[in-house]
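As structure tokens, the structure follows; a few thoughts come after it.
The values are calculated or read from the model by the stated rules, or taken from the named source; none is laboratory data. Every value quoted in this text rests on a predicted model; they were computed, and no experiment measured them. Backbone-built Cβ (ideal geometry, glycine too); neighbour counts: all protein chains shown.
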Amino acid sequence: KLISYVSAHGPLTIGSLLAAMPQYDRPQLWRTLGWLIKLGIVGASYT
């Protein structure tokens, strides 16, 4: 569900993603996003 949400909504901030998915445990969502970035499934922007 997380990957499909990101795919459908394009570039998102972490804050907007957390707000859109309140059912997820925040620490778990952070870990999941970290792994998705490491695996190259989602991109990270530091600008």
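Brief remarks follow.
- If you go through region 25-47 and keep only what is aliphatic (A, V, I, L, M) and without any contact (Cβ under 8 Å) to a residue 12 or more places away in the chain, you end up with Ile37, Leu39, Ala44.
- Among the residues of region 8-24, those that are touching a residue at least 12 places away in the same chain (Cβ under 8 Å) and closer than 15 Å to Gly43 by Cβ comprise Pro11, Ile14, Leu17.
- Flag for Leu12 being within 9 Å of the chain's Cα centre (by Cα) and outside any helix (DSSP H, G or I): yes
- Scanning region 1-25 for residues being loosely packed, with under 11 Cβ neighbours inside 10 Å and modelled with pLDDT of 80 or more gives a total of 7.
- Selection from region 15-27 of residues that are hydroxyl-bearing (Ser, Thr, Tyr) and either more than 10 Å from the chain's Cα centre (by Cα) or not in a helix (DSSP H, G or I) (or both): Tyr24
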